[in-house]
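Notes follow once the structure below has been shown.
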Amino acid sequence: MLRQWYTMVFPWKRKFSTKLFFSHLLLCIVPVLILTHVFYSQSKQQIQGAATDFLQMFTSQVSVSFNSYMSHLENISRTIYNDYDMIAFLGKEASYGPTEQIRYHLIINRQLSQFMTELPSLQGAAVLSESGLVYNNGYMPDVTSYKGQWEEWLEQIRKANGKFVVLPAHNQIYLNSGTVANVFSAGRLIQDIEGRRAGILLFQISPNKLIANDKNIDRVAQQYNTRLIVSLHADRLIYDSEQSPDFHPNAAIAHIDSRKHLLVKDDSSSLQVTLSVPYKELDKKLQIYRRLAIVIGAVVLAAITLFSMLLSYQITKPIHRMIMNMRHVEEGTYRPISSGGASIELELLTANYNNMIKEIKHMIEVVYEARIKQNEAKFLALQSQINPHWLYNTLESIRMKAHLSNSPEVALMVKYLGRMFQMALSSKKNNTVEDELEYVRVYLHLQNLRFDNRFELEERLPDNLLKLPVIPLIFQPVIENSIKHAFVDQTRKYSIVITGAMDQDTAIIRIEDNGRGMPEERLSHIQTLLLHTEVPDESSGSSLGLRNIQERLQLQYGKRYGLSIHSSSQGGTTIRIQIPKDKKEESDVQGPAGG
């Protein structure tokens, strides 16, 4: 399951250090992001909860303030009953003389002025007598001049039978100044001692003045950009902080989207107070926490990234060092790795690798020395194998010639034979191509003495090739093999042509004859023997000399050099000899590289 998850996260092939870096970074970042998100969410909930609690308390305070004011207004309105003579005057003004009317007018105005003094949030106060006269104070308009809505409200007060009645918000136009004000009204019916109607006491209250007198309301409104709505439980508006100044009486309470605003209500009294705060205002309070979360996340992310890079480097550095040393091993250089690593496991791996390198180097040195000694012994054995081979044939020729006639040619043959002994048994490790050609010439002189000059030698080699060093006895066995197997018709002349060429680093020498050639099966067999010299050859015959040369060349110069043979059953055979141009090649057994 974990492997499938890892493959899904890292589907591409990458370096171990890259995968380690991103894996550690991912495993560390995810918890940090989760913690940051939890921190921010908890902070948001706490701020919203604290704001909700505060606004709930504030709303309750506004509600208590409004209701306290209205209760105070209702209690003060009862003081109108302290003067029953004035109430009796209101019920039958026409029966009083001018002097009495003036006196009572003064009494009523003094009472209204007292109301205005004790209640600073009043816009105005008025008394409407039963006869229709209006006594007012402050900015109280002449309500008798308004028809329609006021008639309905006054009738509502009369039907309340002396109870205090609160009327909804409305526009009030003051005739003297033409000013339009948002107010709401409250009043009660005035009755005499016998319960007869005497008039109506009416107050005009300015909610703006009432709120302006409360500094807490103004402070909260500026802090949270709040919207305050006060209404009667009959859904009649008393105050709306965002309502247009020209709204109509009985205006509907505005609908507020609860998805975008936090709504806090208090309807524990006759008035309902609603406070609306946009969520975006609360989010502003979260900006400091948001910035703090971003800063903390960025700092932690940078620290985790740096730590991941250092951890990846510390773990993968020994691995990279080991990979580089393994590449050196491939090139033949065996160097141990310095100890040290990010963990005990890597130190143990480094120690085991160093021990392995030491063992390999030691084993290669031992095997290399053994192979050198083996190759030297094999080379000497192969080289010593040549002398008896040609010496037997030469002595046999001399014996036959001496047997047939007492010819002076015998002395010449012995002379040539001595020259061949001298050259073959020379202590020089390497001859030149010129030395090998001289050996071939002497050998063919002997063969021409034997076979009545039937062999012709043609040499076509460049001068620079003649000076090329070469191991001894590689040309003569090839020509001897040709004479033995290719020249079967002793009645005709035979030619042997030696040619050569050189390229950048290789010399190619060809020895061609015009003998009878080889059948395809025999040619294939010899080519196989020359190609696989490491396989023992249980057969004997014409391939012995060629195989001997092939082994010596490859032991001396390496597997890329040696003999190749081409022949045809129609006649003619070519032996191709490839040797290095101007330096001795390494043998097929490679020695230990320097460390």
Notebook entry, point to check: Which members of the stretch 34-44 meet the condition of being touching a Leu at 6+ places or on another chain (Cβ under 9 Å) and open to solvent by 70 Å² or more (accessible area, probe 1.4 Å)?
Noted result: Phe39, Lys44
Margin query: Please go through the stretch 186-203 and give me each residue that is touching a helix residue (DSSP H, G or I) at 6+ places or on another chain (Cβ under 9 Å) and either open to solvent by 10 Å² or more (accessible area, probe 1.4 Å) or not hydrophobic (A, V, I, L, M, F, W, C) (or both), ordered by number.
Written below: Gly187, Arg188, Gln191, Asp192, Ile193, Arg196, Arg197, Gly199
Next item on the list: Identify all residues within the stretch 485-501 that are within 29 Å of Leu465 (Cα to Cα), surrounded by fewer than 17 Cβ atoms within 10 Å (Cβ to Cβ) and aliphatic (A, V, I, L, M); write none if there are none.
Entry: Val497, Ala501
Next item on the list: Scan the stretch 444-469 for residues that are part of a helix (DSSP H, G or I) and either open to solvent by 80 Å² or more (accessible area, probe 1.4 Å) or polar (S, T, N, Q) (or both) and jot them down.
Entry: His445, Gln447, Asn448, Arg450, Asp463, Asn464
Next item on the list: Look through the stretch 503-526, keep the residues that are open to solvent by 60 Å² or more (accessible area, probe 1.4 Å) and in a strand (DSSP E or B), and return whichever of them is farthest from Ser569 (Cα to Cα).
Entry: Arg510
Checklist line | Qualifying positions in the stretch 45-78 - modelled with pLDDT of 80 or more, farther than 20 Å from Ser231 by Cβ and either open to solvent by less than 20 Å² (accessible area, probe 1.4 Å) or touching a strand residue (DSSP E or B) at 6+ places or on another chain (Cβ under 9 Å) (or both) | finding: Ile76, Ser77, Arg78
Notebook entry, point to check: In the stretch 106-127, what count of residues is obtained for those that are hydroxyl-bearing (Ser, Thr, Tyr), without any contact (Cβ under 8 Å) to a residue 40 or more places away in the chain and in contact with a strand residue (DSSP E or B) (Cβ under 9 Å, 6 or more places away or on another chain)?
Noted result: 1
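Each row is one residue, and each column tells you yes or no for (1) assigned to a strand (DSSP E or B); (2) on the phi > 0 side of the Ramachandran plot.
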{"site": "Leu473", "(1), (2)": "no, yes"}
{"site": "Pro477", "(1), (2)": "no, no"}
{"site": "Glu480", "(1), (2)": "no, no"}
{"site": "Lys484", "(1), (2)": "no, no"}
{"site": "Asp489", "(1), (2)": "no, no"}
{"site": "Arg492", "(1), (2)": "no, no"}
{"site": "Ile498", "(1), (2)": "yes, no"}
{"site": "Ala501", "(1), (2)": "yes, no"}
Checklist line | Filter result for Ala212 (closer than 23 Å to Leu271 by Cβ and modelled with pLDDT under 80) | finding: yes
Note to self: Going residue by residue through the stretch 435-443, is there one that turns out to be at negative phi and part of a strand (DSSP E or B)?
What the structure shows: no
Check: Pick from the stretch 316-328 the residues that are out of contact with any Gly (no Cβ under 6 Å at 6 or more places or on another chain) and open to solvent by less than 50 Å² (accessible area, probe 1.4 Å): which of them is nearest to Leu26 (Cα to Cα)?
Finding: Thr316
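The values are calculated or read from the model by the stated rules, or taken from the named source; none is laboratory data. The model shown is predicted, which means the values in this text are computed figures rather than measured ones. Don't worry about glycine lacking a Cβ; one is built from the backbone with ideal geometry, like all the others, and counts go over all protein chains shown. The protein model used for the area step is the full one, side chains on, heavy atoms only, and it has no ligands, DNA or RNA in it. Shrake-Rupley method; radii C 1.70, N 1.55, O 1.52, S 1.80 Å.
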